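K.L.:
Got a structure for you, written out below as structure tokens; questions coming shortly.
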Amino acid sequence: PETFYLKDYTPFGFDVDSVELIFRLAPDTTRVLSKIHFTPKPDAADRTFFLHGEQLSLISARIDGAEVTPELTASGLTCDVPDQPFVWGAEVEINPQANTALEGLYMSNGMYCTQCEAEGFRKITYYPDRPDVMSTFSVRIEGDEKVMLSNGNPVDTGGGFAEWHDPWPKPAYLFALVAGDLVNHPDRFTTRSGKEVLLNIWVRPGDEHKCDFGMNALKKSMAWDEEVYGREYDLDVFNIVAVDDFNMGAMENKGLNIFNSSCVLASPETSTDSNFERIEAIIAHEYFHNWTGNRITCRDWFQLCLKEGLTVYRDAQFTADMRSAPVKRIEDAIDLRARQFPEDNGPLAHPVRPESFQEINNFYTATVYEKGAEVIGMLKRLVGDAAYYTAVDLYFDRHDGQACTIEDWIKVFEDSTGRDLQQFKTWYSQAGTPRLKVSETFADGTYTLTFRQSTPPTPGQDHKDPKVIPIAVGLLSAEGAELVPTTVLEMTQAEQSFSFEGLDAQPVPSILRDFSAPVILDRETSAQERAFLLAHDTDPFTRWEAGRELAKASRIAMVKDGASPDAAYLEALKTLVRDDTLDPAFRALVLSPPSESEIAQALADQGVTPDPDAIHDAAETFAQTLAQSLSDSLPRLFAATLVDGPYQPDAIGAGSRALNGRLLGLLTRIDGGEAAARQYEEADNMTVQNTALACLLKAEKGESQSRAFFEQWQDDRLVMDKWFALQVATARPERAPTVAAELTKHRLFTIKNPNRFRAVMGALSMNHAGFHQADGSGYRLLADQLIALDALNPQTTARMCTAFQTWKRYDDARQALMLAELERIKSTSGLSRDTNEMVSRILD
Ligand code: B3K
Ligand code: ZN
């Protein structure tokens, strides 16, 4: 397979002035007629007229109305073209019905829908399918579907057709078309300059009652982007469509966002608090792309983080404003460590801006998105809030309507702040998570912190330069008073010291407050000091982190030395959980144990080969001991989390229910499942119903409730995804592969729906000890399923191969088993480019 390199970028030799498309819809024989106005660029170095095209039947092609015979290749066509502006016309036939890859134009439940990012438009018609080619689009859809939508504003509609025009030049990856039997949930929004915008959420009949929350999230996002970034919406309508079969969360097509139904549909009865929070964030994310992604897009796909990192950063700011900033920050740190750190420290490591790829869809990663967002956060911390917004304003002014690079982004910050950011740019070019070793001295009232940074080698990058690292630090007195409030230390060298003078006694440092950089902090410290910070730190992140470190240390000692759960840590937890002055959401986070996978990594980092079963046993023992030591107060604490009044999916209610879930998990360990069964019985919302069922299933006491749940929800696809996932997630490790295998034979299982596939297989790969069963049954099942799925849907297959990325952590026997499965996948005949690239990199 061909490898593409950032360094090979060359501009396209033509401008595209406008695009007119006609779609004649038919499930297996859709015709696409295109008229594309090209103007040769006078100063172009390369004037090759190459149009991308894949899986298209070319019916006819014309230039300025005269029939031509282009030369067809596997990936597109070339043709002799005039030296002056000309009109390219083509008619192609495509088969949406047969499109199981869910890229290009495909059908989902009888409805037509598209996904073009990154390179799906070339499966719709011949086109220079690259993000730096921007043009206006006029679209006419012909068919007998009730609703027929495309980008931009509606122009005309009548019996059997609908016409749309998008006045904003855009790359083809933002093109969208939807047609089907849809109903809308309408609303409106007045922008701050007084423009009326019609808003719609389009869903399948029967889902109308699940639109309200998403619509409110959209309106809040629109207002927030005006207020915080000064960005207004720019079309007369904004449409959102919910689709059941979708490879990822959602897509920011101009004026016509398409959502995985799991990321937009919500109701208290069917959605959990985390669903609501995620939906709010994704609606915001896609909406924010209108400026960061659509008005200003990427020059090429290597620049993906330009739009994704920035937009993730913006949606995180939004969530922090709508909900609780400290809780969001802690959740993001947990997520980054769970998904991005393993990527950054394994065979799939790549820079935030990668330099090569075979299949770009494989680079929509936690590194590009989440680490990309962390990089923006560091930049903001370094230049300060005001300078950040000034620079971003300049970015919008200078680059509106353009396809840009990371260099353009950095330049607006350099120009507006006068800072040299060349060293900072290393964050974009060098992969790997920096380790930050800390030591300290205290003498004559001066306290000195010395940091040493190093980044381990990653594939293709042996040498790493020192990065600019903003380290937010505060100092506390032994009594817990804040001696030095949060200060950002700017580290630029491999080793660097920072001093604080005029102190009466040695302070307790609180380092990396607010998780100010995506690094691994390595500091020898005592359990006492951690317990002190857990009790007294004024920064919620480092306070939570102190507890997390204690939890990790205790679990590691249990696994490594057969120790008992750490008594002091148990005491600290007991104190915290009883402290009513603390936000319940924060208490829930402190009670959430580190994942078994995280413990496995921590052991591997210490040179100990992790044993998944032992790690699992330690987690169970710890939870059991905690439950017993809290037994007197558990029922009372639990009862206090039951919220009165109707369900509200807000941060306060969600925090209380999160604590409720944690406590019910503990209570179920000592009351035989009584409280959980009662909660299940009385549940009037999905959050508590789901929690109760999970607790019961984990205790192997939920059979009747599970059946009842199935009966109640079997017609709701999204709730059934939860049911499938819960079975696997709560299964005892030795049962997990069998449970998952049985579920793949269930009458409601379908490999073609990515949500359902992920519900079962994703849950298996996240049941750490279950997936890593010593007999290899977990590995075998996942590989079987991936091989079957690859023939239908390469994108989702390739994504799920990441379950194997940590293979090097484990013992020889497990390694051999995983390698054998990876080899088996790799040798599958006709394997997709997507999966082949992923498996090859993992094996490397
Ligand atoms: N930009 C899309 C992701 C497209 C993924 C293509 N494989 C969604 C988002 O980030 O908002
Ligand atoms: Zn995005």
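Coordinate-derived values only; no laboratory data. Not measured: the values here are computed from a predicted model. Neighbour counts run over all protein chains shown; Cβ positions are idealised from the backbone, glycine included.
K.L.:
For the range 759-770, what does the Karplus curve 6.51 cos²θ - 1.76 cosθ + 1.60, with θ = phi - 60°, yield as ³J(HN,Hα) per residue in whole Hz, taken in order and with x for Gly and Pro?
P.N.:
4, 8, 6, x, 5, 5, 5, 9, 7, 3, 5, x
K.L.:
State the dimensionless ratio Rg/Rh of the range 237-354 (Rg: radius of gyration of Cα atoms; Rh: Kirkwood radius). Mind showing how you got there, number by number?
P.N.:
Numbers: Rg = 15.2 Å, Rh = 15.6 Å.
Reported Rg/Rh (Cα atoms, Kirkwood Rh): 0.98.
K.L.:
Can I ask one more? Please report the relative contact order for the range 267-334, taking Cα pairs under 8 Å with a sequence separation of at least 6, and give it as a percent rounded to a whole number.
P.N.:
Details: 36 pairs, mean separation 20.0, N = 68.
Rounded, it is 29 percent for the range 267-334.
K.L.:
Sticking with this structure for a sec: List the relative contact order of the range 297-429 as a percent without decimals, with contacts defined as Cα pairs under 8 Å and 6+ residues apart. Don't jump to the answer; show the numbers that get you there.
P.N.:
Numbers: 125 pairs, mean separation 47.7, N = 133.
With pairs under 8 Å counted, the relative contact order is 36 percent.
K.L.:
Mean projection of the alpha-carbon convex hull of the chain over all orientations, in nm²? Write down the numbers at each step before the final one.
P.N.:
Working: hull surface 140.1 nm².
Mean orientational projected area (the chain, Cα hull): 35.0 nm².
K.L.:
Could you tell me, in Å, what Rg and Dmax come out for the Cα atoms of the range 435-511?
P.N.:
Just the Cα atoms of the range 435-511 yield Rg and Dmax of 14.7, 49 Å.
K.L.:
In nm, what is the difference between 0.36 nm times the number of residues separating residue 43 and residue 674 and their Cα-Cα distance?
P.N.:
Values: separation 631, 0.36 × 631 = 227.16 nm, distance 7.70 nm.
Net length gain for the segment: 219.5 nm.
K.L.:
Helix 651-668: angle to the longest alpha-carbon principal axis of the chain, degrees 0 to 90, nearest 10?
P.N.:
It is inclined by approximately 60 degrees.
K.L.:
Can you tell me the order of 513-525, 169-181, 68-80, 269-281 when each peptide is scored by its average per-residue count of other Cβ atoms within 10 angstrom, highest first? Intermediate values should be presented prior to the final figure.
P.N.:
On the way: 513-525: 19.0, 169-181: 23.8, 68-80: 13.8, 269-281: 21.3.
Peptide ranking by packing, descending: 169-181, 269-281, 513-525, 68-80.
K.L.:
May I pose another question? To test your reading of the geometry: what angle, between 0 and 90 degrees and rounded to tens, separates the Cα axis of helix 372-383 from the longest principal axis of the chain?
P.N.:
70
K.L.:
Here's a follow-up. Suppose the chain between residue 441 and residue 385 were pulled fully straight at 0.36 nm per residue; how much longer would it get relative to their current alpha carbon spacing? Show your work: numbers first, answer last.
P.N.:
Numbers: separation 56, 0.36 × 56 = 20.16 nm, distance 3.22 nm.
Value of the extension gain: 16.9 nm.
K.L.:
Hey, another quick one. What shape does the range 166-217 take by its C-alpha gyration tensor, where a ≥ b ≥ c are the square roots of the eigenvalues and a/c under 1.5 counts as rounded, a/b above b/c as prolate, and the rest as oblate? Mind dumping the intermediate values first?
P.N.:
Numbers: a/c = 2.52, a/b = 1.16, b/c = 2.17.
Because a/c hits 1.5 or more and a/b fails to exceed b/c, the range 166-217 counts as oblate.
K.L.:
Explain nothing, just the number: relative contact order of the chain, from Cα pairs under 8 Å at least 6 residues apart, as a whole percent. Kindly include the intermediate steps, with their values, before the conclusion.
P.N.:
Numbers: 1587 pairs, mean separation 70.3, N = 844.
Normalised by residue count, the contact order of the chain is 8 percent.
K.L.:
Related question: Could I have the simple spin-label model distance between residue 552 and residue 811, label points 7 Å from Cα toward Cβ, reported in nm to one decimal?
P.N.:
It works out to 2.4 nm between the two label points.
K.L.:
Going highest first, how would you order 333-343, 593-603, 6-16 by mean Cβ packing within 10 Å?
P.N.:
Numbers: 333-343: 18.6, 593-603: 20.8, 6-16: 15.2.
Answer by packing, highest mean first, reads 593-603, 333-343, 6-16.
K.L.:
How much mean residue ellipticity at 222 nm does the chain get from its helices, if each DSSP H run of length 4 or more adds -39500 (n - 2.57) and you divide by all residues, to the nearest 500 deg cm²/dmol? Mind dumping the intermediate values first?
P.N.:
On the way: 29 runs with 329 residues, N = 844.
About -12000 deg cm²/dmol.
K.L.:
In angstroms, what radius of gyration and Dmax does the range 297-429 have, counting Cα atoms only?
P.N.:
Taking only Cα atoms of the range 297-429, I get Rg and Dmax of 14.8, 40 Å.
K.L.:
Another question about this same structure. Starting from the Cα gyration tensor of the range 491-615, take the square roots of the eigenvalues, sort them a ≥ b ≥ c, and report rounded, prolate or oblate (rounded when a/c is under 1.5, otherwise prolate if a/b is larger than b/c, else oblate).
P.N.:
Values: a/c = 1.82, a/b = 1.20, b/c = 1.52.
Taking the square roots of the gyration eigenvalues as a ≥ b ≥ c, the range 491-615 is oblate.
K.L.:
Round to the nearest 0.05 the FRET efficiency obtained for residue 712 and residue 574 when R0 = 45 Å and r is the Cβ-Cβ distance.
P.N.:
0.75
K.L.:
Let me ask you something else. Hey, which lysines would be in cross-link range of residue 220, C-alpha to C-alpha under 30 Å, not counting anything within fewer than 8 residues on its own chain?
P.N.:
146, 170, 195, 210, 254, 307, 328, 371, 380, 722
K.L.:
Roughly how far apart, in whole Å, are the Cα centres of the range 19-39 and the range 780-799?
P.N.:
Each part reduced to its Cα centre gives a spacing of 32 Å.
K.L.:
Follow-up question, since we're still on this one. Order these peptides, 498-509, 120-131, by their mean beta-carbon neighbour count within 10 angstrom, highest first. All intermediate terms of the calculation are to be shown ahead of the outcome.
P.N.:
Numbers: 498-509: 14.2, 120-131: 24.9.
Answer by packing, highest mean first, reads 120-131, 498-509.
K.L.:
If you fit an axis through the alpha-carbon atoms of helix 703-713 and take the longest principal axis of the Cα set of the chain, what angle between them do you get, 0 to 90°, nearest 10?
P.N.:
30
K.L.:
For the range 258-289 and the range 404-456, what is the separation of their Cα centres, given in Å?
P.N.:
That distance is 35 Å.
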